[in-house]
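Here the structure is laid out as structure tokens; the discussion comes afterwards.
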Amino acid sequence: MDYFLTEEQQMIKEIAAQIARERIRPVRAALDENEEFPWEIMKVLAQSDLFGLYIPEKYGGFGGGIFENCLAVEELGRACIGIATTFAASGLGAYPILLYGSEELKMKYLPQIASGKKLAAFGLTESGAGSDVSGIRTTAVKDGDYYVLNGTKQWITNGGEAEIYSVLAITDPKRGARGASFFVVEKGDPGFSFGKKEKKLGIRASATRELVFTDCRIPKDRLIGREGMGFIIAMKTFDKSRPGIGALGVGLAQGALDIAVEYARQRKQFGKPIISFQAIQHKLADMATLTEAARSLVYSIARYLDTEPKDFSKLSAMAKLFPADVAMKVTTEAVQVLGGYGYMKDYPVEKMMRDAKILQIYEGTNEIQRNIIAQELNKEYGRMKESFLG
Amino acid sequence: MHVVICIKQVPDTKNVRIDPKTNTLVRQGVESITNPFDLYAIEAALQLKDSTGAKTTVITMGPPQAEEALRQALSLGVDDAVLLSDRSFAGADTWATSRTLAEAVRKLEPVDLIVCGKQAIDGDTAQVGPEMATLLNLPCITYVRKLDLENGNESMRIERATDTGYEVLRVKLPAVLTVIREIGEPRIPGLRHKIRSKKQEIPVWGAADLGLEPEEVGLQGSFTQVVKVFSPPPRGERRLLSGSVEEMAKELVRILKSNNVPGF
Ligand SMILES: Cc1cc2nc3c(=O)[nH]c(=O)nc-3n(C[C@H](O)[C@H](O)[C@H](O)COP(=O)(O)OP(=O)(O)OC[C@H]3O[C@@H](n4cnc5c(N)ncnc54)[C@H](O)[C@@H]3O)c2cc1C
């Protein structure tokens, strides 16, 4: 399939694919087993200029968009979405600054993130606030030239490893949806520490950790945007980042398909390669079709988002929802195609199936994506003059 | 600090065959690659660029398509490239090649360091580095596995692999080094360098640009000529056993016995 990539987009894909093939595949099983953070690979990604694909040149980036980033994420995800998540989460941490930060904040932090010298992270979730973001309890109280943060974030990707954190906290409990704000917190800020590191089903090379704020004092100019914009910034960030999760799903599904087809051609039972059985053929055909459909969806939505349209929450949710479900389905089927071998750690598909599950959970569960899509449909059709019932 | 890297484009030997009738390399359909050992030379130079901001220049002598190898080096981060290409360069042995490269290095002066791969996988002579050093009257250290600048970049501390271990040497710059794998894994291209590598102008220098006469280069300037290339005769019979492990083990023991292998 030819997606009419420009020469530069093709180069991005090639470089990411080379890193996946030569650097990630040989180590993915060990990093997963040992729950080891992929620092070596992060250095390679930095040296190859991939961290700043979506960041403007003015801030040290490549000046591309969501689509360029998706191309890189997909290729990395084809080898390991634990490592690719680590990479992508730095972008999630950068987006609030990129979208709403003051010129000073952008100049200070974006070049460090774009060059890969520092990783970023995004701190929103708390024990009582998952899908319902409004449940957050972390507070930020203004004190002269400072804000003082108190509270605990949980399950923050790149927690403890990143240097730059975009953190959501309540600045005015009385103002409800207008009462939260985003801040940049740096590793090493007084009163900022890290809690427990989670043990996980999948994406075990990625770090998922608590952020603990105990009278954490940060200069007041670390506020992103204005006070009260926190929830808006969170939603706009997700609108931009969700196709990236879709790209992880496309890469993962492709990676599982690659293995399933190759294996089915080699494995013989009843005197024939199992790919000669129609039951296996149909599985592979469905897996390939779903994967390509997910890719087409992610590519076209990512490209559209890069034209800076006004409302795109629905499309962005679709670009996460479908590939995440596809990745879960395709990796599960890949294990089935490999049978007992697929269930063993000797082949990568068992890890791929464990990894796939996260795509349906983080950056808004797939139920939440469906809620978003349905709410937008309701609004869209409510605005329409035409009736289709008659 | 200016580092010059000498590289060579070679046939991908994984796919090379020798025509049994003519005893020549069958080059048709064989892809060209950058000599794998030269990728370590590029890596060594780029490490110096990373640590000291050294300027790096890559050169190769070869036909016009050898430009590909130079562009690959640029995509990895090398600053500049020069292609040494001229009809009269054809048929050069290692001496004539070294002569040509040495003149190019002179033209690129000031040069503080020249790095080559330990050998090229097509000829396997490992001669060009040392010959070039001879022509340039520079010290030469081969099989370098580690290098560190010292004394304000006046000299280098070198680890040189030997059959039994390694030697530690100190060399004053400028010098010629040939490097081995231990120098560091070749890096992956950077996006910015890759984009630059497609567009960057690569000058082509011929014999006249280097001030060399036709009898000093190529076949005419060579002391040696390849008389014959041949593949060694196949080494005896090979058999692949098949069947279950038990069957194969039985068959193996039978073969060993029938060949009077001691102990069977
Ligand atoms: C590995 C990992 C990494 C993460 N990284 C980050 C990170 O970097 N930064 C960050 O801020 N957060 C991160 N998270 C948190 C993640 O975004 C949340 O887990 C997610 O949003 C879901 O919240 P929850 O787990 O509290 O589930 P809950 O919100 O408790 O949901 C439980 C179930 O109820 C369903 N549900 C909830 N509400 C509704 C509803 N209204 N309608 C229908 N169904 C509903 C959900 O879909 C789900 O199936 C991470 C989580 C994990 C597991």
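Scan (1) closer than 24 Å to A:Gln47 by Cα; (2) surrounded by 24 or more Cβ atoms within 10 Å (Cβ to Cβ) for the single condition A:Lys108 breaks and write down its number.
The failed condition is (2).
Residues being open to solvent by 20 Å² or more (accessible area, probe 1.4 Å) and either within 16 Å of A:Leu99 (Cα to Cα) or of a type outside the set (Asp, Glu) (or both): count how many of those fall in segment A:47-63.
Looking only at that region, the number is 7.
So A:Ala114 passes all but one of these: (1) in contact with a strand residue (DSSP E or B) (Cβ under 9 Å, 6 or more places away or on another chain); (2) at pLDDT 95 or above. Which condition number does it fail?
Unmet condition: (1).
Where residues in segment B:182-228 are closer than 18 Å to B:Gln72 by Cβ and more than 14 Å from every other protein chain (Cβ to nearest Cβ), which of them is surrounded by the most Cβ atoms within 10 Å (Cβ to Cβ)?
Result: B:Ile183.
Looking only at segment A:117-128, which residues are outside any loop (DSSP other than H, G, I, E, B) and either within 14 Å of chain B (Cβ to nearest Cβ) or more than 7 Å from the ligand (Cβ to nearest atom) (or both)?
A:Ala120, A:Glu126
Would you pick out the residues in segment A:347-390 that are closer than 30 Å to A:Ala29 by Cβ and away from the ligand (no atom under 16 Å from the Cβ)?
A:Tyr347, A:Pro348, A:Val349, A:Glu350, listed by residue number.
Look at A:Ala319 and say whether it is more than 16 Å from the ligand (Cβ to nearest atom), away from every other protein chain (no Cβ under 14 Å) and at pLDDT 95 or above.
yes
Please verify whether segment B:157-166 includes one or more residues that are farther than 15 Å from B:Val4 by Cα and within 14 Å of another protein chain (Cβ to nearest Cβ).
no
Residues A:Ala88, A:Ala30, A:Ala84: which one is open to solvent by 10 Å² or more (accessible area, probe 1.4 Å), more than 11 Å from chain B (Cβ to nearest Cβ) and within 16 Å of the ligand (Cβ to nearest atom)?
Unique residue meeting the criteria: A:Ala88.
Just to check your reading of the model, which residue among A:Phe62, A:Phe67, A:Phe51 is touching a residue at least 60 places away in the same chain (Cβ under 8 Å) and within 13 Å of another protein chain (Cβ to nearest Cβ)?
The conditions single out A:Phe51.
Please list, ordered by first then second residue, the pairs with beta carbon atoms under 6 Å, 6 or more apart or interchain, first in segment A:1-20 and more than 9 Å from chain B (Cβ to nearest Cβ), second not aliphatic (A, V, I, L, M).
A:Tyr3/A:Tyr299; A:Lys13/A:Glu75; A:Ala16/A:Glu75; A:Ala17/A:Glu75; A:Ala20/A:Glu75; A:Ala20/A:Arg78
Which numbered condition in (1) open to solvent by 80 Å² or more (accessible area, probe 1.4 Å); (2) of a type in the set (A, V, I, L, M); (3) under 24 Å from A:Ala302 (Cα atoms); (4) more than 16 Å from the ligand (Cβ to nearest atom) is the only one that A:Met344 fails?
(3)
Do we find a residue being under 17 Å from A:Gly225 (Cα atoms), β-branched (Val, Ile, Thr) and more than 12 Å from the ligand (Cβ to nearest atom) anywhere in segment A:176-193?
For segment A:176-193, residues under 17 Å from A:Gly225 (Cα atoms), β-branched (Val, Ile, Thr) and more than 12 Å from the ligand (Cβ to nearest atom): present.
I'm checking my understanding of the structure. Among residues of segment A:134-160 that are near the ligand (Cβ under 8 Å from one of its atoms) and on the phi < 0 side of the Ramachandran plot, which one is farthest from the other protein chains (Cβ to nearest Cβ)?
So, considering only residues that are near the ligand (Cβ under 8 Å from one of its atoms) and on the phi < 0 side of the Ramachandran plot, the one farthest from the other protein chains (Cβ to nearest Cβ) is A:Gln154.
Considering only residues that are open to solvent by less than 50 Å² (accessible area, probe 1.4 Å) and either modelled with pLDDT under 95 or not polar (S, T, N, Q) (or both), which ones fall in segment A:298-314?
A:Val298, A:Tyr299, A:Ile301, A:Ala302, A:Leu305, A:Pro309, A:Phe312, A:Lys314
Kindly check whether there is at least one residue in segment B:159-168 that is touching a residue at least 24 places away in the same chain (Cβ under 8 Å), under 30 Å from B:Leu113 (Cα atoms) and surrounded by 13 or more Cβ atoms within 10 Å (Cβ to Cβ).
no
The values are calculated or read from the model by the stated rules, or taken from the named source; none is laboratory data. For clarity, every value in this text was computed on a predicted model and none was experimentally measured. We place every Cβ from the backbone using ideal geometry, glycine too, and count neighbours over all the protein chains shown. Please note that ligands, DNA and RNA were not included when accessible areas were found on the heavy atoms of the full protein model with its side chains. Shrake-Rupley method; radii C 1.70, N 1.55, O 1.52, S 1.80 Å.
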